[in-house]
Amino acid sequence: MLVLGVETSCDETGVALVRDGRFLAEALASQTDIHAVFGGVVPEIASREHQRMLPILFREVLAKADVAAADIDAVAVARGPGLLGSLLVGMSFAKGLCLATGAAIIGVDHLHAHLLAPGLEAELRFPALGLLVSGGHTHIYRMQSPTEFTLLGRTLDDAAGEAFDKVAKLLNLPYPGGRYLDDLSQGVEPDTAMFPLAYVHNDNLDFSFSGLKTAVAERLAKRPHLAYPAMHEADSLAAGGALALSAHGEELALLAASFNWAVAETLRIKVERALDRESGVVALVVAGGVAANSHVRATMTQVAVSRGLAACLPRPALCTDNAAMIAHAGSLACAAGYRHGLDLESIPRGRAVPRDWVRA
Ligand code: KG4
Ligand code: ZN
């Protein structure tokens with residue numbers, strides 16, 4: 001079965017092809033540089049870029065895989081959560097293609113797709129505990145099967161990636177800044193007392209990262225010399241320039257390492273708590289953009305190993321938004337016998353994605 005994945009939830013436009021569960025080809029266009037000028041994603045610009053790029057990328061992916069549009073059996077489309085205008089561009093493209101070719105349509109939950117992404121590299125085992133850490137979400141799920149997810153915990157305010165991006169912004173690093181904070185902290189021993197571990201002294205599985213961001217902001221208010229002077233540094237970084245350390249580089253690296261540690265440690269505490277509670281779990285899956293973070297990867301791999309669980313962390317390129325994960329999740333849903341109709345709706349951020357597919 002040949003499945004095309006379409007991803008337009010935020011600022012990456014992607015299409016990918018998967019045949020019988022195996023990756024064939026992908027074409028991906030990042031809008032990061034366009035939005036970086038504004039310090040965050042501008043929804044209207046994102047929609048227009050998706051609209052402009054989708055036909056180009058579609059032709060590219062067909063050529064890469066040496067297949068024709070008529071060969072596609074099903075179109076898997078990211079239906080949300082995300083920016084509604086952006087999602088609608090992908091949804092319209094998917095529906096148009098299905099109408100023209102007779103392919104089936106299957107809507108995919110973007111967050112579930114992130115967590116299923118490691119299955120593109122190695123067989124995923126179930127039941128698994130899934131930690132989804134992205135720019136907009138921090139969720140813990142019980143993954144009973146590729147199509148049965150139960151949400152156990154979520155962030156009450158900022159997502160982990162949002163905390164990274166906001167702290168990076170305070171330092172005048174380019175958007176999205178998570179990876180620069182990761183780079184800055186390499187090889188530096190964190191000060192574990194520098195920042196508080198927020199919202200861990202309770203018995204739930206929810207997160208709150210806004211207090212950590214405020215703690216960094218308060219520290220920086222007293223140490224303004226730690227921030228990069230202005231956006232010209234940011235421009236050179238965005239253009240691929242090296243991260244030049246200032247005279248206060250060591251202090252900045254210590255702050256970055258301590259912040260990274262506080263995020264990874266908070267995630268560890270809640271994941272260990274969830275693992276203590278959930279029975280029969282055989283794997284720990286960590287996915288989403290922040291799963292590319294070296295500290296989060298090391299901490300979570302250690303948790304899995306210490307409990308005898310399979311550690312399933314996709315390689316960094318599969319952690320951030322991509323269409324291969326959408327095609328893969330759609331393939332798994334199709335293989336389980338599910339389909340949607342052409343009345344399929346896109347779901348904006350803040351609304352739960354309904355489980356409204358039907359047995360084919
Ligand atoms: O999953 P993703 O690509 O998009 C969403 O669906 O949100 O995640 C993007 C997030 C951004 O907040 C970005 O700063 C963060 O992932 N990120 C990282 C790293 N690489 C990407 N955060 C920390 N360390 C990294 N190495
Ligand atoms: Zn995502």
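The values are calculated or read from the model by the stated rules, or taken from the named source; none is laboratory data. Keep in mind that this is a model prediction, so the values were computed, not measured. Note that we place each Cβ from the backbone using ideal geometry, even for glycine, and neighbour counts take in every protein chain shown. What goes into the accessible areas is simple: the full protein's heavy atoms, side chains included, and nothing from ligands, DNA or RNA. Shrake-Rupley method; radii C 1.70, N 1.55, O 1.52, S 1.80 Å.
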(request) Output the peptides 220-229, 26-35, 171-180 sorted from most to least packed, where packing is the average of other Cβ atoms within 10 Å over each peptide's residues. (result) 171-180, 26-35, 220-229
(request) Count charges around ASN293 for me, please; just the other residues with Cβ under 10 Å from its Cβ, Lys/Arg as +1, Asp/Glu as -1. (result) +1
(request) Could you order ASP276, ASP66, ASP158 by accessible surface area, starting with the largest, using a probe radius of 1.4 Å? (result) ASP66, ASP276, ASP158
(request) Ignoring everything but the protein chains, give the 1.4 Å probe accessible area of LYS169 in square angstrom, nearest 10. (result) 120 Å²
(request) Find the accessible area per residue for the chain; the probe is 1.4 Å, ligands and nucleic acids are left out, and the unit is Å². (result) 41 Å²
(request) Measure off 7 Å from each Cα along the Cα-to-Cβ vector at PHE38 and ALA298, then give the distance between these two points in nanometres to one decimal. (result) 3.7 nm
(message) Looking only at the chain, where both bridge partners belong to it, what percent of the DSSP beta bridges are antiparallel (to the nearest 5)?
(response) 60 percent
(request) Indicate the gyration tensor shape class of the chain (rounded, prolate or oblate), computed on the Cα atoms with a ≥ b ≥ c the square roots of the eigenvalues: a/c under 1.5 is rounded; otherwise a/b larger than b/c is prolate and the rest oblate. (result) oblate
(request) Sort THR320, THR155 by accessible area with a 1.4 Å probe, largest first. (result) THR320, THR155
(request) Please give the length that would be gained between LYS222 and ARG22 if that part of the chain were fully extended, namely 0.36 nm times their separation in residues minus their C-alpha to C-alpha distance (nm, one decimal). (result) 66.7 nm
(request) Using a 1.4 Å probe over the heavy atoms of the protein chains, calculate the carbon and sulfur portion of the accessible area of the chain as a whole percent. (result) 53 percent
(message) Can you tell me the length gained on complete extension of the stretch ILE269 to ASN202, counting 0.36 nm per residue apart and subtracting the Cα distance?
(response) 23.0 nm
(request) Just report the Cα centroid separation between region 75-99 and region 167-214, whole Å. (result) 33 Å
(message) Could you put ILE326, ILE269, ILE56 in order of accessible surface area, largest first, with the 1.4 Å probe and the full protein assembly present?
(response) ILE56, ILE269, ILE326
